[in-house]
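Structure first, commentary second.
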Amino acid sequence: MKKRKKKKMSKVVKIIIMLLLVILIILLALALTNDDLEDVVPKKHKKEKEEPIRKINIVNEDSDKRPIAVMIDNNVGNNNHYGLSDAYITYECIVEGGLTRIMAVYKDKDVEKIGPIRSSRHYFLDYALEEDSIYAHYGWSPFAQNDIKALGVNNINGLTDNAYYRDRTKRSPHNVFTSTERLYNYAKEKGYKTSSDNWHLLNYSVDEINLYNNETNTGKVDGVLPANKVDFNFSRSQSRTYNYNTDTKMYERMMNGVNHTDAETGNTLSYKNLIIIKVPNRTLDDYGRQDLTTVGTHDGYFITNGYAAPISAQKLSRKGKTKYTYKNGEEVKFNDGNTFIEVIPVNNNIEIE
C-alpha cells in the first residue's frame with residue numbers, strides 16, 4: 001500500500017512541477033517587453049521599417065493632369081502680370097520689335113487669374129508640345145496659325161473660344177485674362193483630353209542639387225562658376241537680370257533694371273532653377289516677325305543655388321523633348337522648384353558673376 005501511495009504521490013508531484021514550469025514560462029513570456037522579444041527573434045525574421053517614399057513638391061508626379069501652356073503679354077511693364085508665380089515652367093523668347101513674349105506652363109494648380117493673354121508665335125509651339133500641353137492664346141501670327149493646324153495642336157484661341165474675359169479697368173489689348181478652371185473646362189467642351197502620360201520634361205531630384213562642393217572646392221562638372229548675378233539681353237531695349245538671394249536660395253528676376261513683380265501680391269518673381277540657351281533667330285517678314293531654330297543642339301547654362309554650369313540643350317524635332325546635359329554628357333537634374341527657361345539670340349552675351 002505504501003508503495004502505491006508513493007507512486008501516486010510522485011505522479012502528483014510531477015504534474016504539479018510541470019504545471020509550475022508551464023506557469024513560469026507563461027509569466028516569463030508576459031514579462032518580456034517588445035524590445036526583449038526583438039532580441040530573442042533572429043534578425044532574419046525581423047520586419048524592417050519601410051522608408052517613406054520621398055516626392056517632389058513643384059508638381060505632383062503621380063498626377064496625369066495635362067499641362068496648360070499660356071501665352072503671356074510682356075509689353076505691359078514690370079508689375080502687371082498675374083499668375084506667373086504659379087507656373088512650374090516659364091519660357092521667354094524674342095518677338096518682333098526686339099520685344100519678348102512669355103509662355104507660362106501650369107500643372108496641378110488652381111490659378112484664379114492668369115494674364116494678360118496675348119497671341120501665339122509659332123516657335124513657342126515647339127516648347128508647348130514637348131510637354132504635351134494644351135495651348136492657350138488670344139490670336140496668332142500667320143505662321144502660328146498655319147503651324148497650329150499642321151501640327152495638330154490642341155489650342156484654345158480667344159478669337160473664337162469663350163475661355164477668356166476682359167478687365168475693363170485696363171487698356172486693350174493688354175486686358176485679357178483667364179484661369180486654369182476656365183481653360184480646363186473649355187478644353188473638355190472642345191473634346192481635348194485633359195490627362196497625359198507624356199508631360200514629363202525635366203528630371204527633378206528630391207535631394208538638393210549643388211553644382212559646387214564647398215568642402216572640396218570643386219565643381220560637380222567642368223566649368224562651374226559662381227552665379228550671384230546673371231545678366232543678358234534679348235535686344236537693345238530688353239535686358240534681363242537675375243540676382244541670387246542667399247536666404248531664400250532663389251533667383252529674383254529683373255526686367256530692364258526693375259524688379260519683375262506679381263500684380264496681386266507685389267512680390268518679386270523668383271525662381272529656383274534657371275536655364276539660358278542660345279538659339280539662332282532671323283527676321284521673317286516686313287513686320288519683323290521672328291523665326292527661332294529650336295531644333296538642334298544649343299549651348300547654354302544651368303543655374304541653381306548660386307552657381308552656373310555650361311550645358312547643351314538637344315531637341316531632335318519640333319515635338320521632341322529638349323534634353324539638357326552637362327558637357328560631359330550627364331543629364332541635368334533640377335532642384336525641386338520652379339524653372340525659368342530663357343531662349344535668347346545666339347549672338348548675345350551672358351554675363352555671370
Test: residue in the range 212-227 that is free of Cβ contacts under 8 Å to residues at least 12 places away in the same chain and more than 26 Å from Gly329 (Cα to Cα): no
Residue within the range 205-228 that is among the aliphatic types (A, V, I, L, M), assigned to a loop (DSSP other than H, G, I, E, B) and open to solvent by 50 Å² or more (accessible area, probe 1.4 Å) present: yes
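Residue by residue, here is whether (1) outside any loop (DSSP other than H, G, I, E, B); (2) of a type in the set (D, E, K, R); (3) open to solvent by less than 20 Å² (accessible area, probe 1.4 Å); (4) in contact (Cβ under 8 Å) with a residue 40 or more places away in the chain holds:
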{"residue": "Asp147", "(1), (2), (3), (4)": "yes, yes, no, no"}
{"residue": "Arg168", "(1), (2), (3), (4)": "no, yes, no, no"}
{"residue": "Leu183", "(1), (2), (3), (4)": "yes, no, yes, yes"}
{"residue": "Tyr192", "(1), (2), (3), (4)": "no, no, no, yes"}
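Per-residue answers, yes or no, for (1) of a type in the set (Phe, Trp, Tyr); (2) over 17 Å from the mean Cα position of the chain (by Cα); (3) open to solvent by 30 Å² or more (accessible area, probe 1.4 Å):
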| site | (1), (2), (3) |
| --- | --- |
| Met254 | no, yes, yes |
| Lys272 | no, no, no |
| His298 | no, yes, no |
| Thr304 | no, no, no |
| Ser312 | no, yes, no |
| Thr322 | no, no, no |
| Val332 | no, no, no |
| Asn338 | no, no, no |
Options Val59, Val70: the member that is at pLDDT 75 or above, under 16 Å from the mean Cα position of the chain (by Cα) and outside any loop (DSSP other than H, G, I, E, B): Val70
Condition broken by Thr265, with the remaining ones in (1) hydroxyl-bearing (Ser, Thr, Tyr); (2) assigned to a loop (DSSP other than H, G, I, E, B); (3) surrounded by 18 or more Cβ atoms within 10 Å (Cβ to Cβ) satisfied: (3)
Any hit, the range 126-141, residues being surrounded by fewer than 24 Cβ atoms within 10 Å (Cβ to Cβ) and free of Cβ contacts under 8 Å to residues at least 24 places away in the same chain: yes
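Condition (residue is in contact with a helix residue (DSSP H, G or I) (Cβ under 7 Å, 6 or more places away or on another chain), touching a residue at least 24 places away in the same chain (Cβ under 8 Å) and within 25 Å of Ser317 (Cα to Cα)) applied to the range 73-89: is it met by at least one residue?
Taking the range 73-89 and keeping what is in contact with a helix residue (DSSP H, G or I) (Cβ under 7 Å, 6 or more places away or on another chain), we get none.
Scanning the range 73-89 turns up no residue that is in contact with a helix residue (DSSP H, G or I) (Cβ under 7 Å, 6 or more places away or on another chain), touching a residue at least 24 places away in the same chain (Cβ under 8 Å) and within 25 Å of Ser317 (Cα to Cα).
Looking at Ser172, Ser195, which is the one that is closer than 18 Å to Ser63 by Cβ and not charged (D, E, K, R)?
Values: Ser172 fails: closer than 18 Å to Ser63 by Cβ.
None of the others qualify; the one that does is Ser195.
The values are calculated or read from the model by the stated rules, or taken from the named source; none is laboratory data. All figures in this text were calculated on a predicted structure; none of them were measured in a lab. Reconstructed Cβ throughout: ideal geometry from the backbone, glycine too, with neighbour counts over all protein chains shown. Calculation scope for accessible area: heavy atoms of the full protein, side chains included, ligands and nucleic acids excluded. Shrake-Rupley method; radii C 1.70, N 1.55, O 1.52, S 1.80 Å.
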